[in-house]
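> Dropping a structure here in structure tokens format, bear with me for questions.
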Protein chains: 6
Amino acid sequence: MSEVAGRLAVQAGARCLEKTAGGRGVLLGGVPGVPPGKVVVLGGGTVGKNAAVTASGLGGRVTVLDVDLQRLRWFDDTFHGRIETLFSSPHTVASIVERADLLIGAVLLAGARAPTLVTREMVARMRPGAAVVDVAVDQGGCVETTRPTTHADPIYLAEGVVHYGVANMPGAVPRTSTFALHNATLPYALRLADAGWEAACRADPALARGLNVVRGAVVHPAVAEALGEPCSPWSARAAA
Amino acid sequence: MSEVAGRLAVQAGARCLEKTAGGRGVLLGGVPGVPPGKVVVLGGGTVGKNAAVTASGLGGRVTVLDVDLQRLRWFDDTFHGRIETLFSSPHTVASIVERADLLIGAVLLAGARAPTLVTREMVARMRPGAAVVDVAVDQGGCVETTRPTTHADPIYLAEGVVHYGVANMPGAVPRTSTFALHNATLPYALRLADAGWEAACRADPALARGLNVVRGAVVHPAVAEALGEPCSPWSARAAA
Amino acid sequence: MSEVAGRLAVQAGARCLEKTAGGRGVLLGGVPGVPPGKVVVLGGGTVGKNAAVTASGLGGRVTVLDVDLQRLRWFDDTFHGRIETLFSSPHTVASIVERADLLIGAVLLAGARAPTLVTREMVARMRPGAAVVDVAVDQGGCVETTRPTTHADPIYLAEGVVHYGVANMPGAVPRTSTFALHNATLPYALRLADAGWEAACRADPALARGLNVVRGAVVHPAVAEALGEPCSPWSARAAA
Amino acid sequence: MSEVAGRLAVQAGARCLEKTAGGRGVLLGGVPGVPPGKVVVLGGGTVGKNAAVTASGLGGRVTVLDVDLQRLRWFDDTFHGRIETLFSSPHTVASIVERADLLIGAVLLAGARAPTLVTREMVARMRPGAAVVDVAVDQGGCVETTRPTTHADPIYLAEGVVHYGVANMPGAVPRTSTFALHNATLPYALRLADAGWEAACRADPALARGLNVVRGAVVHPAVAEALGEPCSPWSARAAA
Amino acid sequence: MSEVAGRLAVQAGARCLEKTAGGRGVLLGGVPGVPPGKVVVLGGGTVGKNAAVTASGLGGRVTVLDVDLQRLRWFDDTFHGRIETLFSSPHTVASIVERADLLIGAVLLAGARAPTLVTREMVARMRPGAAVVDVAVDQGGCVETTRPTTHADPIYLAEGVVHYGVANMPGAVPRTSTFALHNATLPYALRLADAGWEAACRADPALARGLNVVRGAVVHPAVAEALGEPCSPWSARAAA
Amino acid sequence: MSEVAGRLAVQAGARCLEKTAGGRGVLLGGVPGVPPGKVVVLGGGTVGKNAAVTASGLGGRVTVLDVDLQRLRWFDDTFHGRIETLFSSPHTVASIVERADLLIGAVLLAGARAPTLVTREMVARMRPGAAVVDVAVDQGGCVETTRPTTHADPIYLAEGVVHYGVANMPGAVPRTSTFALHNATLPYALRLADAGWEAACRADPALARGLNVVRGAVVHPAVAEALGEPCSPWSARAAA
């Protein structure tokens, strides 16, 4: 789903930049002689990678920020410098967001609230009609001005900047998303169906990490913290 | 303007394929394990090239059709086989349109009505929820089911296929379009201002070819034919 | 050797498609205006990757199937969408094989019989003169109609489809293969020579995994299963 | 046809390098750690370009020679240095042919005998088992040791080097060739059918240049020279 | 020679940016997490193209300015957006030069003085330690602060910016330059030697355009204007 | 720092090849019709990768040598054959160094002396005016003729070959290097500052591996060996 969301975020962002959506009236890819739009992607994980590749494919000038240098190196190797990378810090975020035509928030922490990397003040310093698409919106968003919207009414203005805050983006392309979800979950589903959930989780730590609640008790630390509940981790050994 | 229109056509087309627009719910770029959308571009001129590059950049699988083999060779050389080319004939058009997720009409003849390459029957054989964006709409369109729409209400359904028929597409990105138009016309404007229109047209056949009406008489053959008016060509020599 | 075999498989397949070999008479790369051949590669491991890259380099339109999503993502990142990926299932295999000009079988399990992913029925539905090259042939093949052939008489027809079944493909390019084999095995050979086989296997699990038979007993589970022999795994600790 | 021939020449050449064909046993693309084969393409026209691209796509290290600097610059721009270019002179030809694994002769002059750029002596200095594919064979060949062969028996040895001399290469892939030929000739055929040959040739110098014999007289200078016949050029004006 | 000069200009510019040369201490290509240097190339002709490609190859972020839109489109098609293009005007030049790490002057007019596109004031607004390499230096330079220097003492500071002003750049790589010059001039030399200069110039307008002085009279308009001499054009017909 | 050094090494090497530096007068990238320089990179680690990419970006023909086949495969996948790979052995090193225009030494072992892969004899067989840049110079160099030099006097001749031996290369671009160093070390610095060095090293083996001397005793095996001191490894457990 992160792959679908990352790619859709750019399509949505390109639309936000159109005049009819309240945007600056900038074509992301520019044309020969007219500079392309500047796209800033916060976070180089799966969402960020897919957003960056799509924005670059549309012809935008893309910069990805992350604190993980290994990840930035991977971008450099894989895209041969076509996608720029920038070490993320409050200073670099503030200075590059100010010049962005399109800002993609792609910072997600598994099960936890996304950190607020871009403050309302930073958004207010963006150019009027610039656009923000925060993929982390259903985890609170990494842009302070982001709030959830729906496919029916996806866009709103805040601080003069067009925001797209649809929480369930992949719902826009259900055909692609259904296949993607099926492909990603089928192996787990087969194992759960074959062995039962407890045996399957004992055998596969990846499955076990997906447990949120077991027999009424929260077992995932991030979920527990987010809800303010105590956490009683599920143990493969104890369950055996 | 053709460059802006060609690139925007793909952004509009991607939007048409979304479920909320009535489309098939297909993400043009697909994701790993799920095939990308098939994009068919009719015409390999400026509009077609820009549409093809943008669609390919989004991750779509693109085929360009044209009757000009030299142009198809140029595509092959320049895009290293990434964009497929197909010699255009009634047979190839019919068979590939049937399988397209997104059809871009990019056949424009200077000053003349666009030929109808895709009939209503062919559109009816496309998959439900497929999309058509006909950039030639203000010259009558090269797809039979195309009719002009506006930025306010851009999309309609015909034969189960989502159509986008905005006539003045570049108006969606006025900032980029204004610069593009300025860059393209400035040299001519300077020459017209320096020499007066008649001297400028005498000196530069490219300018002269742009004359439509001179002192009340239609001077451009294609315009004359389209309007059913007699044509009295303007001659640089006679004007001297 | 897998690298050599994967690359040669495409050269052999291109040849099978020639009329003189009984094939459809299709040039894998097409030419501008004429579509390229469709190449389907079953399995995205070393053989599959090398086959896919070579087929794409020749200008073919390539799809790789695998059940490992991480692997498909690697293809997408590395080849920037030039090589399509498809999640492998009986349904997707059947439907894409039917449209293939060239099918490359590249599914190998270490020491075990290859699974039969493509049935005789599926082959029968391929177009007359299409081609099959099954690199897994010496492990039984992953295409039901595959049988081993020799460099002297490499090609046969089955169900109207040209099959290439040479078991020892790399033998065709001994100069390249010898260097490749030397490079891959030299580090192991040095360690075996320096320490003796038992000490070397104790020190390096990768070497130990290569043991098939030790003092008359089959020690590799997959080999044992294939031969119907009992398996007595060799243990580094017991050997110490 | 030149496009088909250029691409096929590389497939044929790769085959010639295999041990079973008498070749050096070199895989054109090499594998990681083992160098690729060196491919030398004489002539950067349509045949040469298609051969060079295909050889490079297979992973070979390709150098194209031509005396037309503009053409070499086009290669450099289009392939971004991936295909090397070398100004052709007797000295550069001799020195690079000596190191080639595969030599592609792609020097064709319209209607005239190809010049002999590579002498028997140069071929004799090539490595044993290297390969020569001379696409100009039906115009006499640009390699002295080339002679015409057939699809049934395509290969022979000369000076220790494997030669492929099939005159009608595109016949190997009739399906692709037929479409290619159709696409290239259809526009001319339509004009000939509509207007009759004389009117069509008067109207289109490109068609007229294709005339070889008119009412029993040779009208094409190169054909006349090759046959030792007098030439009586056809004139559009005289014919009118 | 323009090709050599354009490529060398970037190597020289990268050196100027080093601290030991007085530069900003910026690595043109950056590293992952640290932005690359910004390179501005004035002029998209042969020198500019070669400079742009080399700077982009080193990892710099490159923008090419020109007034010829067709040329900018060629850049866009050929480099797939990797090299940005900007329509040149006094306004765009001033605003982009200000942000450049490296400015390459590549505006040359055949035989005439280069226009001064970058004023001393613009240079003064560049960042301290930025660099200027003006390939047009021996035609007066297109940057006001440029003056000729030598390979022995190539660099000087002006307005806090490092300038490289070697007039005969290709002299730094005589081996490459000699071959390049030989390749470019050989065809002309052969024709001059075969036919004598007058007959050769009569037969080939390209050669004739190279005439500067004939029997004591200046025949090239631009040279005449630059020297303030009268111009008596050489006519092929009169000479016959 | 390795990234900066690897990229700078090529810029320095390109300069060494210029005539004014005593080099062969070869432009690394060549020009159309004149072959590029041959660059040999010993070692495919971080330094080697960055050197190889930069040299290839400049247009050089690059070969990387390493004994790690996985690494060579990574190069092949990532650069699509543009950068050649060669399995490193005394034989392959000797034969390829002989033909190199520019040799980059990029073999570094953490904390240990670099192995001497290229002997004085091999250097003597290089072409007069070829260049050597040994990034491993401050660990003794992997080329026998290398000795440390300074930014003030960076170049010397040995065996007719231009050597660049600056030990602290990144010092040439302090602006880029400072950011790079900051980005790479900040996470460690934060952890050291928050927890104190002992707790931080106990918690993070990567940090602990960086310890050279603890309370007067050498704790790093390679450092101990290089200095001929006894080694008393620091243990996270003992320190607790």
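The values are calculated or read from the model by the stated rules, or taken from the named source; none is laboratory data. Note that the coordinates shown come from a computational prediction; the quantities given were computed from them, not determined experimentally. A quick note on method: Cβ atoms are made from the backbone with ideal geometry, for glycine too, and the neighbour counts reach across all protein chains shown. The area values use the complete protein model at the heavy-atom level, side chains included, leaving out ligands, DNA and RNA. Shrake-Rupley method; radii C 1.70, N 1.55, O 1.52, S 1.80 Å.
> If you draw the axis that swings chain A onto chain D, which residue of A has its Cβ closest to it, and how far is that in whole Å?
Axis-proximal residue of A, distance in whole Å: A:H80, 5.
> What average number of partner chain Cβ atoms lie no more than 10 Å from the Cβ of the residues making up E:44-53?
Neighbouring Cβ atoms belonging to other protein chains average 2 per residue here.
> Right, next: Please figure out what share of the DSSP beta bridges in chain C is antiparallel and state it in percent, rounded to the nearest 5.
Beta bridges within chain C, antiparallel portion: roughly 25 percent.
> In terms of modelled amide H atoms, which long-range or inter-chain residues lie less than 5 Å from the amide H of A:V132?
Residues meeting the criterion, in which the H sits 1.01 Å from N, are A:L103, A:V162, A:H163, A:Y164.
> How big is chain D by the Kirkwood estimate over distinct Cα pairs, in Å?
Result for chain D, one decimal place: 19.2 Å.
> Also, quick follow-up: Calculate the dipole size of the protein assembly as shown relative to its Cα centre from +1 charges on Lys and Arg beta carbons and -1 charges on Asp and Glu beta carbons; express the result in debye to the nearest 20.
About 0 debye.
> Continuing with the same structure: Nearest 5 is fine: what % of DSSP beta bridges in the protein assembly as shown come out antiparallel, could you say?
25 percent
> Give me the accessible area per residue for segment C:23-168, probe 1.4 Å, as a whole number in Å².
Per-residue value: 33 Å².
> For label points placed 7 Å from Cα toward Cβ, what is the shortest-first list of nm distances from E:R127 to its copies?
2.0, 3.8, 4.9, 4.9, 5.6
> Here is a further query. How big is the shadow of the Cα convex hull of the protein assembly as shown, averaged over all directions, in nm²?
If I average the Cα hull's projected area over directions, I get 60.0 nm².
> On alpha carbon coordinates alone, what is the Rg over Rh value for segment E:163-240, Rh being the Kirkwood radius?
Taking Rg over the Kirkwood Rh, I get 1.08.
> Using the Karplus equation 6.51 cos²θ - 1.76 cosθ + 1.60 (θ = phi - 60°), what ³J(HN,Hα) coupling, rounded to whole Hz, does each residue of segment D:173-188 give in order, writing x for Gly and Pro?
10, x, 5, 5, 5, 5, 4, 4, 5, 4, 4, 6, 9, 3, x, 5
> Could you order D:Y188, A:Y156 by accessible surface area, starting with the largest, using a probe radius of 1.4 Å?
Solvent-accessible surface, decreasing: D:Y188, A:Y156.
> One decimal, nm, shortest first: give the distances between the label point of A:A217 and those of the same position in the other copies, each label point 7 Å from Cα along Cα→Cβ.
4.4, 4.4, 9.8, 10.7, 10.8
> With each label point set 7 Å from Cα along the Cα-Cβ vector, what nm distance links A:Q70 and F:N212?
With each label point 7 Å from Cα toward Cβ, the separation is 2.5 nm.
> Sticking with this one: Pull up all non-local amide H partners of A:V31: gap of 5 or more, or a different chain, and H-to-H distance under 5 Å with H placed in the peptide plane.
Sorted by chain and number, the residues that satisfy this come to none at all.
> Also, quick follow-up: Residue by residue through segment C:140-151, which ³J(HN,Hα) values in whole Hz follow from phi under the Karplus form 6.51 cos²θ - 1.76 cosθ + 1.60 (θ = phi - 60°), with glycine and proline marked x?
Ordered by residue, 3J(HN,Hα) equals x, x, 9, 10, 4, 7, 7, 9, x, 10, 10, 4 Hz.
> On average, how much area does the Cα convex hull of segment A:1-70 cover when viewed from any direction, in nm²?
5.1 nm²
> So what's the gap between the Cα centers of segment E:23-72 and segment C:24-70, to the nearest angstrom?
The two parts, judged by their Cα centres, are 36 Å apart.
> Ratio of segment B:1-120's C-alpha Rg to 2.2 N^0.38 Å, to two decimals?
The reported ratio for this selection is 1.01.
> Across peptide D:54-63, what mean number of C-beta atoms from other chains lies inside 10 Å of a residue's C-beta?
Taking the mean over all residues of the peptide, I get 5.
> Only counting protein heavy atoms at a 1.4 Å probe, give the residues of segment B:1-20, ordered by number, whose accessible area falls by 30 Å² or more when the other protein chains are present relative to the chain alone.
Residues meeting the cut-off: B:E3, B:R7, B:Q11, B:R15, B:E18, B:K19, B:T20.
> Then there's this: Calculate log10 I(q)/I(0) of segment F:55-101 for q = 0.14, 0.15, 0.19, 0.24 Å⁻¹, where I(q) comes from the Debye formula with a single equal point scatterer on each Cα and nothing for solvent.
Treating every Cα as an identical point scatterer, log10 I(q)/I(0) equals -0.34, -0.39, -0.62, -0.91.
> Just how large is the dipole of segment B:98-240 about the Cα centre, in debye to the nearest 20, putting +1 at every Lys and Arg Cβ and -1 at every Asp and Glu Cβ?
Approximately 260 debye in magnitude.
> Expressed as a whole percentage, what fraction of the accessible surface of segment D:171-219 belongs to carbon and sulfur atoms when a 1.4 Å probe is rolled over the protein heavy atoms?
The nonpolar share, carbon plus sulfur, comes to 62 percent.
> How much net charge surrounds F:E144 when only the other residues with a Cβ under 12 Å from the Cβ of F:E144 are counted, with Lys and Arg +1 and Asp and Glu -1?
-1
> Based on DSSP H runs of at least 4 residues, each adding -39500 (n - 2.57), what is the mean residue ellipticity at 222 nm of the protein assembly as shown after dividing by all its residues, to the nearest 500 deg cm²/dmol?
Helices in the protein assembly as shown give a 222 nm mean residue ellipticity of -11500 deg cm²/dmol.
> Given a 1.4 Å probe and no ligands, DNA or RNA in the count, how much accessible surface is buried by F and C, both sides, to the nearest 100 Å²?
Answer for the F-C pair: about 700 Å² buried.
> If the reach is capped at under 30 angstrom between alpha carbons, list the lysines near A:K49, excluding any in the same chain fewer than eight residues apart.
A:K19, A:K38, B:K19, B:K38, B:K49, C:K38, C:K49, E:K38, F:K49
> I would also like to ask the following. Evaluated at 37 °C with a viscosity of 0.692 mPa s, what Stokes-Einstein diffusion coefficient in µm²/s does segment C:92-195 have when Rh comes from the Kirkwood expression over alpha-carbon pairs?
216 µm²/s
> Another question about this same structure. Could you give the dipole magnitude of chain C about its Cα centre, charging the beta-carbon of Lys and Arg +1 and that of Asp and Glu -1, in debye to the nearest 20?
300 debye
> Can you list the copy-to-copy distances for F:A112, using a point 7 angstrom from Cα toward Cβ, in nanometres, shortest first?
Label-point separations across copies, in nm and ascending: 3.9, 3.9, 6.5, 6.6, 7.6.
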